[in-house]
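Throughout, read-outs are computed from the coordinates displayed, never taken from laboratory work. The model shown is predicted, which means the values in this text are computed figures rather than measured ones. Reconstructed Cβ throughout: ideal geometry from the backbone, glycine too, with neighbour counts over all protein chains shown.
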Amino acid sequence: MPAPIFTASAFRQAMQALLPTGRIWPREEGTAQAAVLDGLAPVYERSAEDAGALLVNAFPTTALGLLPEWEATLGLEAEATMQQRHGAVLAQLIGIGGQSVPVITAYAAAMGISIGITQFAPARAGFTRAGDPAQGEAWAFHWQVNSAGQRTTYARAGRTAVGEALVEWGDVSLEIFLRRIAAAHTTVTFNYATLWDAGATTWDGGTTAWDT
C-alpha cells in the first residue's frame, strides 16, 4: 500500500481545522491567518515528500542525498558516475571479504561487470616453454584483470547526476575498488579487450591474441 500524498492545500485545510473558533480566527481568504497558513503549508508538504522518499534515498542502489554517507561508511571514494558509485556500494555491502579469484570476480559481478583473472609466475627451468615470456621474480606478485571490452554506462533519468557525460566508457569505480582490496604486496593491472575492424582480441594465457 503506497504512502498517502498530502498536498499543501490539504495541510492548509488541516491547520485551519485545528484553529480555535471565534471572530478573531476567520477562515476566509485574504486574512492574516490565511496568509500565514499559505506560507506554512508548503513547508509541511516538502517535509512529507522527503519522508516518503526516505526509504528510496536510504537504499544503497537508489540513494542520492545519502550516497556520500554510504561511501564514507564503507570507505569508498566518489570518483565515478552515479551509477558506478551505486554499484561499488552494493558490491562492498554484499561482499564476503577475501582476496581469492572467486571473491574478486564476485565483487565485479555485483557491480554488473564480468571479468577474468590472469595470474603470472616467474620463468622456471622445466616449466617455461619456448616462446613464453621470460618473467622475473616480481611477476609472482602481479595479477591482471581481464574485461571483455570496456563497460559502457549510459545516462539514465533518476540515476545520472547533473554534469555527468551522456556516455561513459570504462569503470573507474571497479579499478579503484579492486586496487583497494588487492593484497598490499601485489600489483594489479587492467586489460580491456577492444573490437577492431581487423579482428578481436582474445585471452590466451595472459597474452593478447588476434583472431582475424
Review point. Taking the highest mean first, how do the peptides 32-41, 59-68 order by number of other beta carbon atoms within 10 angstrom per residue?
Key: 59-68, 32-41
Point to revise | Peptide ranges 7-14, 106-113 listed from the most packed, as the mean C-beta count within 10 angstrom indicates | key: 106-113, 7-14
Practice item. Using only the alpha carbon atoms of region 5-49, find the Kirkwood hydrodynamic radius as the inverse mean reciprocal pair distance, in angstroms to one decimal. Key: 10.8 Å
Revision key, fill the gap. Note, region 104-116: 3J(HN,Hα) by Karplus (6.51, -1.76, 1.60, θ = phi - 60°), whole Hz, Gly/Pro = x, goes 5, 5, 5, 4, 5, 4, 5, 8, x, 10, 9, 10, x
Practice item. Taking amide H positions as placed in the peptide plane 1.01 Å from N, state which residues far from Thr187 in sequence (5 or more) or on other chains have amide H under 5 Å from it. Key: His142, Trp143
Review point. For Gln135, which sequence-distant residues (separation of 5 or more, or a different chain) have an amide H within less than 5 Å of its own amide H, given hydrogens modelled in the peptide plane?
Key: Ala123
Check your understanding: In a solvent-free Debye calculation with one equal scatterer on each Cα, what is log10 I(q)/I(0) for region 1-106 at q = 0.17, 0.20, 0.21, 0.23 Å⁻¹, listed in the order of the q values?
Key -> -0.85, -1.00, -1.05, -1.15
